[in-house]
Amino acid sequence: QVQLVESGGGLVQAGGSLRLSCAASGSIFSINGMGWYRQAPGKQRELVAVITSGGRTNYADSVKGRFTISRDNDNNTVYLQMNSLKPEDTAVYYCKANILWVDYWGKGTLVTVSS
């Protein structure tokens with residue numbers, strides 16, 4: 001079994017920063033893409049940022065220039081550095097990893113940005 005555990009969420013004021021981490025453990029042979037998604041209250045889950053095993057990244061337009069995704073392949077961990085946070089970034093942030101063409105999800109970490 002594969003487990004993804006997110007950490008780093010919390011309450012922050014607008015303009016502040018947070019760094020999310022997601023560690024994958026279990027029967028891992030090779031991780032393809034990893035990414036972060038978020039779901040705000042009453043809204044559908046949406047892509048925030050993704051990164052390939054080779055380091056190529058893609059971001060939602062709403063976070064470009066403010067968020068940075070990175071990964072540590074040796075430790076099966078993906079990070080999301082979030083700067084200049086806005087109240088509209090408030091959501092539960094989920095980590096996803098594609099392992100042998102199967103998607104695995106973490107349980108999420110709550111990010112709340114106060115105005």
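The values are calculated or read from the model by the stated rules, or taken from the named source; none is laboratory data. Everything quoted here is computed from the prediction, not taken from an experiment. Glycine also receives a Cβ, built like all others from the backbone with ideal geometry; neighbour counts cover every protein chain displayed. Side chains included, ligands, DNA and RNA excluded: accessible areas come from the protein's heavy atoms. Shrake-Rupley method; radii C 1.70, N 1.55, O 1.52, S 1.80 Å.
Here are the numbers:
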read-out: Filter result for V92 (surrounded by 15 or more Cβ atoms within 10 Å (Cβ to Cβ) and among the β-branched types (V, I, T)); value: yes
read-out: Flag for Q13 being open to solvent by 20 Å² or more (accessible area, probe 1.4 Å), under 21 Å from S115 (Cβ atoms) and touching a residue at least 60 places away in the same chain (Cβ under 8 Å); value: yes
read-out: Among (1) in contact with a strand residue (DSSP E or B) (Cβ under 9 Å, 6 or more places away or on another chain); (2) more than 13 Å from C22 (Cβ to Cβ), the one test that N75 misses; value: (2)
read-out: Selection from segment 54-69 of residues that are open to solvent by 70 Å² or more (accessible area, probe 1.4 Å) and either in contact (Cβ under 8 Å) with a residue 60 or more places away in the chain or over 11 Å from the mean Cα position of the chain (by Cα) (or both); value: G54, R56, N58, D61, K64, G65
read-out: Test: A40 is in contact with a helix residue (DSSP H, G or I) (Cβ under 7 Å, 6 or more places away or on another chain), open to solvent by 20 Å² or more (accessible area, probe 1.4 Å) and touching a residue at least 40 places away in the same chain (Cβ under 8 Å); value: no
